[in-house]
Amino acid sequence: MTSASMLRSKTSGHRGSSDNGKSEEREGRNCVRYKCIPLNTIKDVMHQRPNWIEVKDDGEWDFNWCDVGWLRENFDHAYMEEHVRINHFRNHYELTRKNLMVKNLKRFQKNLEKDMGRTEASKCDFFPSTFAMPSEYHLFVEEFNRNPGSTWIMKPVAKSQGKGIFLFRKLKDIIDWKKDRSRSEEQKDAAHLDSYVVQRYIENPYLINGRKFDLRVYVLVTSYVPLKVWLYRDGFARFSSSRFSLSTIDDKYMHLTNVSVQKTAPDYDPEKGCKWQMQQLRRYLTAKYGREVVETLFGEMDNIIIRSLQSVQKVIINDKHCFELYGYDILLDHDLKPWLIEVNASPSHTPSSQEDYEMKYGLLEDTLNVVDMEGRLTGQENRVGGFDLMWNDGPVYTEDLNLQPFGSLCFTANTHLGCVNDREKNLRQLLRPFPLQKKM
């Protein structure tokens, strides 16, 4: 077998920057040596994949599922051969840090308005009013005074799982926070202060059975230049365990839908959890509002995904060795308008139930199918398992038999979030068998 990726501390730099489809170095590998840091579902997927062999410590690898900490410490010192793949882009944080995401979206929207007009720029009106703290504190105060009585939410830019988040309505709360932060950080680098965002709280969330929820949507990017985006059919709605009310803003079980928060609630059931599968939510909304309304809603979520990725397309360092599986968090308001809350570079793959495990196992298995270390695809596929190709240097369309009047052709976006995920049937039809393992 040809030599594969190796971490060589004395050599840096990466060859190539575009996804050219089926290339010579991806004709398929009889054995894939992988390195995996997380100890959760992805470990199971790799362990059970035919002809994949785990390497330890400093062993040579062909595929690396790393955490962002490993990436930060090692990426600049890694020499990667042509076939090698790693699960993050170098500066993924341009989209996944809350302050940078908003900064890039604001710039993108401003450029759209300048180049194409306000109507086009309005298609980016999907994120709440947000300010970086403390650098934009005075801008925030101006906005706060223009909307007296409004609820705001404070979030650390680089933390997850609901850590460090609180709601407030009085400027005094933020002034006290600012003073406390200054005292605690005065011995540290000033940059640490700029680590929160304050965001207008969505006060009219869409409720089901009186409870707030948000959506977790999975998006796979295999290239930024050209932009190539896959949308997974499965996802879920995460519900709060307490009925929603604005009369109290201190109840984290009411206002925060993170599973890591909800599972500490006194009445949390680990098997039942607080989740609906995306298919269940889509059926519920369709029964209540009809197909047309729901398709408009899901189309607006498609727009959020593509516009947010386009907003960082020019700043992300594209590298054909890299791919990224993002976890988008989207909130619906009472008018069924979707709002982008944040994008996660390392969405949790730790299951909260057996059903959740099976969904995440399929998601991760299909991620590896799309990345295709074994060379079993042609490179022309619009669907691989549960993933549908939604953008390939432009929108991808599919023929819609349900909308064809009198035999004429009708095409719709190739996105099927919350639709039937018959992934195993698709994979049987699509993939050639795994190559036989050769002796090493």
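Given the criteria basic (Lys, Arg), modelled with pLDDT under 95 and within 27 Å of residue 199 (Cβ to Cβ), does residue 275 qualify?
yes
Any residue in the range 36-56 that is open to solvent by 30 Å² or more (accessible area, probe 1.4 Å) sitting within a Cβ distance under 6 Å of a residue that is β-branched (Val, Ile, Thr)? List the pairs, counting only those 6 or more apart or interchain.
Close Cβ pairs satisfying both conditions: 40/350.
Here are some residues: 60, 120, 142. Which one is surrounded by fewer than 19 Cβ atoms within 10 Å (Cβ to Cβ), without any contact (Cβ under 8 Å) to a residue 40 or more places away in the chain and over 26 Å from the mean Cα position of the chain (by Cα)?
142
Which one is nearest to residue 62 (Cα to Cα), of the residues in the range 301-312 that are of a type outside the set (Val, Ile, Thr) and out of contact with any helix residue (DSSP H, G or I) (no Cβ under 9 Å at 6 or more places or on another chain)?
That would be 302.
What number of residues in the range 123-139 are in contact (Cβ under 8 Å) with a residue 12 or more places away in the chain and more than 25 Å from residue 328 (Cβ to Cβ)?
Within the range 123-139, residues that are in contact (Cβ under 8 Å) with a residue 12 or more places away in the chain and more than 25 Å from residue 328 (Cβ to Cβ) number 3.
I want to confirm something. Restricting to the range 321-348 and keeping residues that are open to solvent by 30 Å² or more (accessible area, probe 1.4 Å) and not in a strand (DSSP E or B), which single residue is nearest to residue 228 (Cα to Cα)?
Ranking the candidates gives 346 first.
Could you list all residues from the range 349-404 that are touching a His at 6+ places or on another chain (Cβ under 7 Å), farther than 16 Å from residue 85 by Cα and of a type outside the set (Lys, Arg)? Show your work before the answer.
Going through the range 349-404, the residues touching a His at 6+ places or on another chain (Cβ under 7 Å) turn out to be 360, 364, 388.
Keeping just the survivors that are farther than 16 Å from residue 85 by Cα gives 360, 388.
Listed by number, the list holds a single entry, 388.
Give the residues of the range 215-251 that are more than 28 Å from residue 382 (Cα to Cα) and touching a residue at least 24 places away in the same chain (Cβ under 8 Å), sorted by residue number.
238, 239, 240, 241, 242, 243, 244, 246, 249, 250
Any residue in the range 85-95 that is over 30 Å from residue 31 (Cα atoms) and open to solvent by less than 30 Å² (accessible area, probe 1.4 Å)?
Checking the range 85-95: at least one residue is over 30 Å from residue 31 (Cα atoms) and open to solvent by less than 30 Å² (accessible area, probe 1.4 Å).
If we keep just the residues of the range 157-177 that are of a type outside the set (A, V, I, L, M) and modelled with pLDDT under 75, which is farthest from residue 133 (Cα to Cα)?
If we filter the range 157-177 for residues that are of a type outside the set (A, V, I, L, M), which is where we start, we get 159-164, 166, 168-170, 172-173, 176-177.
Within this subset, residues satisfying the condition of being modelled with pLDDT under 75 are 159-164, 176-177.
Numbers: 159: 15, 160: 17, 161: 20, 162: 18, 163: 17, 164: 14, 176: 13, 177: 11 Å.
Within the range 157-177, the match that is farthest from residue 133 (Cα to Cα) is 161.
Restricting attention to the range 80-92, report how many residues are within 19 Å of residue 224 (Cβ to Cβ), of a type outside the set (Phe, Trp, Tyr) and assigned to a loop (DSSP other than H, G, I, E, B).
So the first thing to find is which residues in the range 80-92 are within 19 Å of residue 224 (Cβ to Cβ), and the list is 80, 82, 84-92.
So of that shortlist, the ones also of a type outside the set (Phe, Trp, Tyr) come out as 80, 82, 84-88, 90-92.
Now narrow it down to the ones that are assigned to a loop (DSSP other than H, G, I, E, B): 80, 82, 84, 87-88, 90-92.
The qualifying residues number 8.
Open to solvent by less than 30 Å² (accessible area, probe 1.4 Å), over 30 Å from residue 91 (Cβ atoms) and at pLDDT below 95 - does that describe any residue in the range 362-378?
There is at least one residue in the range 362-378 that is open to solvent by less than 30 Å² (accessible area, probe 1.4 Å), over 30 Å from residue 91 (Cβ atoms) and at pLDDT below 95.
Can you tell me how many residues within the range 107-117 are open to solvent by less than 80 Å² (accessible area, probe 1.4 Å) and assigned to a helix (DSSP H, G or I)?
4
The values are calculated or read from the model by the stated rules, or taken from the named source; none is laboratory data. Values in this document were obtained by computation on a predicted structure and should not be read as measured data. Because the Cβ atoms are built from the backbone with ideal geometry, glycine has one as well, and the counts that use them run over all protein chains shown. Ligands, DNA and RNA are stripped out before the accessible areas are found, and what is left, the full protein with its side chains, is counted by its heavy atoms. Shrake-Rupley method; radii C 1.70, N 1.55, O 1.52, S 1.80 Å.
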